[in-house]
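Structure record follows, encoded as structure tokens.
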Amino acid sequence: MAGKTKVMVAATAAVTLGLTAACGGGSDDKNSNGNSSSGAAFNSVATNVANASDKKGGTLNFWSPQDADSFDPAISYYAWTIDMNRLYSRTLMTYTPKPGQDGLILSPDLAQAAPEVSADGKTYTFKLKSGLKFDDGSPITSKDIKYGIERIFAQDVVPGGPLYLIEELDQGQSYPGPYKDKDPNKLGLKTVETPDDSTIIFHLKAPNANFPYELALPGGAPVPQKRDTGDKYALAPASSGPYKFQSIEPGKGATLVPNTNWDASTDPNRKQLVDKIVLTITTNADDMDSRLIAGTADLDVSQSGVQTQARTQILTNDKLKATAYNPNNGFIRYAALGTKVAPFDNIECRKAVIYASDPTTLQTARGGPVAGGDIATNMLPPNILGADPKYDPYGRAQGKPQLDKAKAALQACGKPNGFDTKIAVRNNKPAEVATATALQAALKAVNINASIEQYDGKNVASVVGSPAVVKAKGYGIMIAGWGADFPTGYGYLAPIAMGSFIAKTGNYNLPEIDDPAINDLFTKGLAEKDAKAAAADYQQANMKVMDGYYFVPFVFDKALNYYNPRLTNVYFHQGLAMVDFASIGVSDGK
């Protein structure tokens with residue numbers, strides 16, 4: 001995902017049915033969510049809930065150095081906007097609100113229980129809870145969920161979000177989305193049935209144990225047809241969660257207030273503690289960090305980590321360090337090499353960039369081992385079943401460039417004297433700009449001259465996410481980061497390495513990999529009935545990706561983040577790869 005991350009999860013539909021087993025109960029050392037609680041200490045929120053409380057009132061002051069990609073559930077694909085969606089959007093299933101691996105477990109949300117799955121694993125039936133309402137008081141029905149999913153198919157109107165449900169549910173219908181739907185009720189997607197207002201049935205083309213995770217993405221949220229405004233829906237999305245939007249100003253921020261039609265008795269996964277949530281978008285990350293440390297900002301919702309000055313302040317001050325954290329978040333930071341941009345259509349030229357790059361300076365640019373992460377050795381993060389951080393085909397763990405191999409690769413690709421290329425990088429991600437600069441410097445050692453072009457990060461889907469733009473602008477190297485959309489090897493690697501995910505806009509398979517052998521391994525993994533067997537398939541897919549020299553892995557990401565000590569119920573959610581926004585309150589009521 002432009003965003004998302006997670007770990008080991010059983011891969012059978014039968015096990016999926018049992019995913020709610022760990023949701024209830026608790027001993028007397030648990031807080032109201034059933035999570036163990038702790039006081040503040042560096043990185044304690046990685047495994048515990050800090051400042052557990054049900055105190056109500058006050059305003060949450062969220063900040064971000066980057067605008068949202070979209071608040072439209074069909075489009076939201078940044079990790080932090082997926083997390084924000086939990087404040088105002090509900091789905092059939094969602095992640096359990098607990099720290100540690102418990103957070104990787106799915107719990108019923110709009111659904112009464114985990115789905116009933118047919119013996120062949122191809123039919124999923126959900127029953128909705130009763131009493132569900134949108135923020136305007138109208139009932140939430142199965143048809144609203146179907147309509148919300150249908151919107152994802154309208155890539156000409158609402159492009160850029162995850163495409164899993166299109167891949168899974170179209171099955172040759174070439175469904176165009178509701179705006180061009182010839183069905184009089186605009187509910188013409190044939191693979192989804194709504195026999196009554198409380199039942200929704202999905203017919204899959206093949207068994208897919210990842211399907212409940214796909215439905216847990218924001219695009220699985222209900223959308224009332226009468227309030228759908230197409231490409232303007234992001235400016236006033238309907239709420240099914242504990243908060244609703246009071247206002248949205250693109251590029252500036254948003255304000256959310258309690259949804260009075262949300263019923264806590266139907267939603268054990270979220271809280272409604274504060275009176276207001278104010279999101280401020282800034283272009284000055286250092287100023288935001290200063291506000292965090294001063295206590296006038298509560299949390300950087302991008303969760304991409306504080307900048308250099310604040311990092312030094314926090315790590316050298318015990319009081320500040322107590323509410324800082326840096327767990328491995330399941331992201332990999334990397335450069336993608338565009339195979340449709342010469343000379344990277346030649347594998348040897350791609351090898352030259354990889355071997356000339358300096359793993360240590362790239363790690364340093366990301367913030368070093370504490371704030372940036374461990375040197376990445378391959379393209380499967382360590383918290384995914386089947387990953388092996390010791391698998392290091394490029395010798396990245398050596399921590400230094402391999403200039404002899406780079407020069408040999410240049411000779412083999414017919415560019416012994418080097419070549420010119422461009423590096424594309426988001427202008428509002430200082431760490432990414434720093435890695436672009438570090439990579440540029442390393443490549444000069446073998447006469448690869450890379451100019452850096454910065455673009456507005458909010459336009460990622462239409463810049464590096466547009467293969468046509470990438471080719472037209474000659475972006476040979478694209479700085480990126482990715483976390484799993486759900487906690488399997490497929491959930492992490494398929495969107496960035498499987499041919500069927502290549503899109504005209506909102507493309508995250510930046511190298512445009514379409515290797516039948518890789519595609520087949522992903523397909524095989526989806527059909528496995530054993531989690532370890534599926535993991536082995538994804539491990540092989542990872543190896544074939546590495547064989548293609550499509551990516552320069554930088555780090556298995558760690559981001560040093562800081563939260564205001566007044567916040568309550570703070571914990572790092574493994575399923576979301578960041579703090580769970582939907583649990584947070586404030587202790588001072590202000």
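The values are calculated or read from the model by the stated rules, or taken from the named source; none is laboratory data. In this text the structure is predicted, and so the values were computed from the model without any measurement. FYI the Cβ positions are ideal-geometry reconstructions off the backbone, even for glycines, and counts take in every protein chain you see. The protein model used for the area step is the full one, side chains on, heavy atoms only, and it has no ligands, DNA or RNA in it. Shrake-Rupley method; radii C 1.70, N 1.55, O 1.52, S 1.80 Å.
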Among the residues that make up the stretch 336-343, is at least one of them crowded, with 21+ Cβ neighbours inside 10 Å, touching a residue at least 40 places away in the same chain (Cβ under 8 Å) and under 17 Å from Asp557 (Cβ atoms)? yes
Which condition number does Leu189 fail, the rest of (1) within 30 Å of Val463 (Cβ to Cβ); (2) in contact (Cβ under 8 Å) with a residue 40 or more places away in the chain; (3) of a type outside the set (Lys, Arg) being met? (1)
List the number of the failed condition for Asn428; all other conditions in (1) buried (at least 18 other Cβ atoms within 10 Å of the Cβ); (2) out of contact with any Ser or Thr (no Cβ under 8 Å at 6 or more places or on another chain) hold. (2)
Residue within the stretch 404-418 that is among the small types (Gly, Ala, Ser) and under 30 Å from Asn284 (Cα atoms) present: no
Condition test on Val306, is it β-branched (Val, Ile, Thr), outside any helix (DSSP H, G or I) and under 24 Å from Thr435 (Cα atoms)? yes
Note on the stretch 309-325: residues of a type in the set (Val, Ile, Thr) and in contact (Cβ under 8 Å) with a residue 60 or more places away in the chain are Ile314, Thr323
Do you know which residues across the stretch 549-575 are outside any strand (DSSP E or B), open to solvent by less than 10 Å² (accessible area, probe 1.4 Å) and over 19 Å from Thr323 (Cα atoms)? Gly575
Any idea which of (1) touching a Leu at 6+ places or on another chain (Cβ under 9 Å); (2) more than 19 Å from Ile477 (Cα to Cα); (3) open to solvent by 20 Å² or more (accessible area, probe 1.4 Å) is the one Leu380 doesn't satisfy? (3)
Which residues, counting only those in the stretch 521-539, are assigned to a loop (DSSP other than H, G, I, E, B) and either farther than 21 Å from Lys205 by Cα or basic (Lys, Arg) (or both)? Lys529
Look through the stretch 383-425, keep the residues that are of a type in the set (S, T, N, Q) and open to solvent by less than 50 Å² (accessible area, probe 1.4 Å), and return whichever of them is nearest to Ile477 (Cα to Cα). Thr421
